[in-house]
1. Inspect all residues belonging to region B:70-85 and state whether any of them is surrounded by fewer than 17 Cβ atoms within 10 Å (Cβ to Cβ) and within 22 Å of residue A:107 (Cα to Cα).
2. Restricting to region B:23-35, and then to whatever is free of Cβ contacts under 8 Å to residues at least 60 places away in the same chain and more than 12 Å from the chain's Cα centre (by Cα), can you tell me which residue is nearest to residue B:6 (Cα to Cα)?
3. Which ranges mark the strands (runs of 3 or more DSSP E) fully within region B:50-113 that have 2 or more residues being touching a strand residue (DSSP E or B) at 6+ places or on another chain (Cβ under 7 Å) and over 18 Å from residue B:9 (Cα atoms)?
4. Which count do you get for residues in region A:62-101 that are within 28 Å of residue B:31 (Cα to Cα), assigned to a loop (DSSP other than H, G, I, E, B) and free of Cβ contacts under 8 Å to residues at least 40 places away in the same chain?
5. Residue B:42 fails exactly one of the following numbered conditions: (1) touching a helix residue (DSSP H, G or I) at 6+ places or on another chain (Cβ under 8 Å); (2) part of a loop (DSSP other than H, G, I, E, B). What is the number of that condition?
6. So, in region A:37-56, exactly how many residues are more than 14 Å from residue B:103 (Cβ to Cβ), at the interface with chain B (Cβ under 9 Å from one of its Cβ atoms) and under 12 Å from the mean Cα position of the chain (by Cα)?
7. Can you tell which of B:108, B:38, B:45 is closer than 20 Å to residue A:42 by Cα, touching a residue at least 12 places away in the same chain (Cβ under 8 Å), within 14 Å of chain A (Cβ to nearest Cβ) and surrounded by fewer than 18 Cβ atoms within 10 Å (Cβ to Cβ)?
8. Just checking, does region A:59-78 include any residue being under 14 Å from the mean Cα position of the chain (by Cα), facing chain B (nearest Cβ under 10 Å) and surrounded by fewer than 18 Cβ atoms within 10 Å (Cβ to Cβ)?
């Protein structure tokens, strides 16, 4: 158990809908990362937050957005869903110390299926 | 941006043999190289990592080597066991303000009993 929790574990929805994925980082971690894992694209970085502020963006679609709340949990919002958005979505967290590359601990993921 | 290539995509070995997975990266600024193991239905789990100021690191049956000049790094698993069967991912990152990981495409390792 990495200490990172994600809910829900599974999500089935229809095209055009909007969903919210939730992540709670390990106790004390300030940085949260979101990754998407699909069969054709592999594991891809979407977005990073540090202590409530957006730190970096990867290949995140405009239909997707995220935020990190004062209690440090994070939510990834996916809207106008398409079949191709079906994937595993992982959250990872790290302490967030400046000047040091740290281990990222991954949660168990949310499996999203868009029908 | 960074690009990480990983080979082979699948690897089958007999129990007790060694397994080697290789990765190359493109960005010479990358200085952190973790390896993750992902079992079915679970999230990636860090098994070992190496920083650019070190050429080799070992942890029991697992070792990682880094060649900065050639921009490649490798995972070595010795005395493989059936529980080593999983998908292994290499990744690269640099310690700038954004530290996202760029992952390789993964290697499905199967250890045959």
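The values are calculated or read from the model by the stated rules, or taken from the named source; none is laboratory data. Just so it is clear, the model here is predicted, and its values are computed rather than measured. Neighbour counts run over all protein chains shown; Cβ positions are idealised from the backbone, glycine included.
1. Yes: one or more hits.
2. Only one residue tops the list, namely B:26.
3. B:56-59, B:62-67
4. Number of matching residues: 5.
5. Status for residue B:42: all satisfied but (1).
6. Looking only at that region, the number is 2.
7. Details: B:38 fails: surrounded by fewer than 18 Cβ atoms within 10 Å (Cβ to Cβ); B:45 fails: touching a residue at least 12 places away in the same chain (Cβ under 8 Å).
Exactly one of B:108, B:38, B:45 is closer than 20 Å to residue A:42 by Cα, touching a residue at least 12 places away in the same chain (Cβ under 8 Å), within 14 Å of chain A (Cβ to nearest Cβ) and surrounded by fewer than 18 Cβ atoms within 10 Å (Cβ to Cβ), namely B:108.
8. Yes, some residue in region A:59-78 is under 14 Å from the mean Cα position of the chain (by Cα), facing chain B (nearest Cβ under 10 Å) and surrounded by fewer than 18 Cβ atoms within 10 Å (Cβ to Cβ).
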